[in-house]
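For reference, the structure is listed below as structure tokens.
Just so you know, all these numbers are worked out from the coordinates, no wet-lab data involved. It should be emphasised that the depicted structure is a prediction, and the values quoted were computed from it without experimental measurement. FYI the Cβ positions are ideal-geometry reconstructions off the backbone, even for glycines, and counts take in every protein chain you see.
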Amino acid sequence: MPRTVVLTVHPSAEHLAREDQLAWVLAELATDPVEPTAEVTDMVINRIIDNAAVTAASLTRAPVVAARAQALAHPYVPGSTVSGTTLATGASPEWAAWANGVAVRELDFHDTFLAAEYSHPGDNIPALLAVAQHVGANGASLLRGIVTGYEVQVDLVRAVSLHAHKIDHVAHLGPSVAAGIGTMLELDTETVFQAIGQALHTTTATRQSRKGQISTWKAYAPAFAGKVAIEAVDRAMRGQTSPEPIYEGEDGVVARLLDGPDARYEVVLPSQGEPRTAILDTYTKEHSAEYQSQALIDLARALHDEHPELADPRAVASIVIHTSHHTHFVIGSGANDPQKYDPTASRETRDHSIPYIFAVALQDGGWHHVDSYAPERASRPDTVALWHKITTAEDEGWTRRYHSTDPQEKAFGGRVEIELSDGGRLVREIAVADAHPLGARPFAREQYVEKFRSLAAGVLVEDEIERFLDLAQRLPDLTPAEVRQLSVVARPGLLAGAPARPGLFELGREHPRTPPSPSGAGAPVPPPPADPSATGTSTAGPGTADAEVS
């Protein structure tokens, strides 16, 4: 039977035993040796392939270029691989996790889980893989760590709403990464407990990162959580402790950031020895856009085929999308963000604008991770005209289905009502995206592989595509040396077309300083080895950064 942890606030005068603290129970879960089931193993492999697909497509985008340059400024031998660079290039694990995490997240194109909170559990993988490569873990250990990361994040997301208090969803990611690393390294419960506490304490931030004019930081937020979780594990392994009780304290996360002193949450976790299957409840994206837009993109492309006349704004009087609370208030007109209707807004903002997304998908009959966001696409007069006729409205039925715990009822779509200029009316609805496990065309291994091949085309050479797919699909049997090769290497010259602007770390290269030593003498710190593919003149190519974020 699953274990339910009742999470409430406890004054400092009331001693709360460790075994009753949520962070301790999560640490016990992480240190309970449970082998993954075959179905879970297959899904982990799918998500590694999925992450690699979206990484390949983002390698020359501005946030990824900047994060990669920061990682390469922290070389380590042999270290952890940095996506896009040669397998011989090593960086310190927390910086590799940072760069690779940004690459995974930049296009908003990998897996998702939505319940009381929102999440992208695939964000666990870059940090866990970087640590695995650094310590020389084998594929089986990495697999177990990823399973724990997914389990902890999904179970927290089911129970504890962060967004209701305008806290960013990565506050659940820091603890899940720390727990996953604990499983992978077979750390003791005390160490994992301290790491979870520190990781949570350092990853609570506001949701302004997803509000108004959304910035490039949206891609960095989960990578930051992974980076600081690695650092938290390092400190905990050195015997350093964390604020306690981190969740339940009178000045802890629940009391001061969430539901307050009278809060009560029920967190349902697997019991000892019970399989960790949370990853099976998550779902990936067919389209590079916020998850609540996935089903509506599929509906728009179906309408495009059935009624091509809808592409002309003159044929449409209004379009109202009746949908869930989240879709209406976060990516819909209920957000009251004028930027969601602004053709000059950032890509990140348009990614969180269902009126824009629905207008483009309705006109084009599909969605493309680069072309659909291009500034010239957004500023097309007929698109702007149609876009401004689209609004959203909260529908209690769709909100209830969004929060349903029954997988057969849970839905992320809506009902679209189109009033035509000639007085006619069209009404269509869709519950889940086509790629969802209950959708019209559920994703299986074949679709994950196809997504990788499609997004990697022109970015990786064919032999590199096959090399990575072979490794990923043998995950449980990989040796430590093979785990270190579980990265994608860009085709020659690709990264040269996306040079990084210099930052603070490059100043250190230009003016090397002499580190202190016991004798007061020392040699200048040498610069990191140059990545031969990281310099050059910018050229257009697959995944090239949009102008507004370059």
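What does the charge dipole of the range 291-430 about its Cα centre add up to, to the nearest 20 debye, if the Cβ of each Lys and Arg holds +1 and the Cβ of each Asp and Glu holds -1? Please list the in-between numbers first.
Details: 14 positive and 22 negative charges, 35 e Å.
That gives a dipole near 160 debye.
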Fewest-first ranking of 415, 210, using other Cβ atoms within 10 Å as the exposure measure: 415, 210
Sequence-separation-based contact order of the chain, relative, with Cα cut under 8 Å and 6+ spacing, percent: 21
Neighbourhood charge, 12 Å Cβ-Cβ cut-off, centred on residue 383 and excluding it, Lys, Arg +1 and Asp, Glu -1: 0
Dimensionless Rg/Rh of the range 291-430 - Kirkwood Rh, Rg from C-alpha atoms: 0.95
Most to least packed among 423-431, 393-401 [average Cβ atoms within 10 Å]: 393-401, 423-431
Which labelled figure in (i) 37.5; (ii) 22.1; (iii) 26.0 is mean projected area of the Cα convex hull in nm², once derived from the coordinates: (iii)
Normalised alpha carbon radius of gyration of the range 3-281 [divisor 2.2 N^0.38 Å]: 0.94
Debye, to nearest 20: dipole size of the chain, +1 on Lys, Arg Cβ, -1 on Asp, Glu Cβ: 1260
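Enumerate the helices in the chain for which the Kyte-Doolittle hydropathy averages 1.6 or more and the C-alpha atoms extend at least 27 Å along the helix's axis, using complete DSSP H runs.
Working: long enough: 38-58 (31 Å, 0.61); 139-159 (30 Å, 0.61); 217-237 (30 Å, 0.32).
Going by DSSP H runs, there are no hits.
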Scattering profile of the range 187-256 at q = 0.11, 0.24, 0.27 Å⁻¹ [log10 I(q)/I(0), Debye over alpha-carbon scatterers]: -0.33, -1.00, -1.11
Cut-off 11 Å between beta-carbons: net charge of the residues surrounding residue 254, Lys and Arg +1, Asp and Glu -1: -3
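What is the sum of charges, Lys and Arg at +1 and Asp and Glu at -1, for the other residues whose Cβ falls under 15 Å from the Cβ of residue 208?
Counting the neighbours of residue 208, the net charge comes to +2.
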Along principal axes, Cα extents of the range 98-232, largest first, whole Å: 42, 27, 23
Rg(Cα)/(2.2 N^0.38 Å) for the range 6-82, N = residue count: 1.79
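Got a sec? How would 320, 192, 54 order by Cβ neighbour count within 10 Å, fewest to most? It would help to have the intermediate numbers written out before the result.
Values: 320 17, 192 30, 54 26.
Taking fewest neighbouring Cβ atoms as first place, the list is 320, 54, 192.
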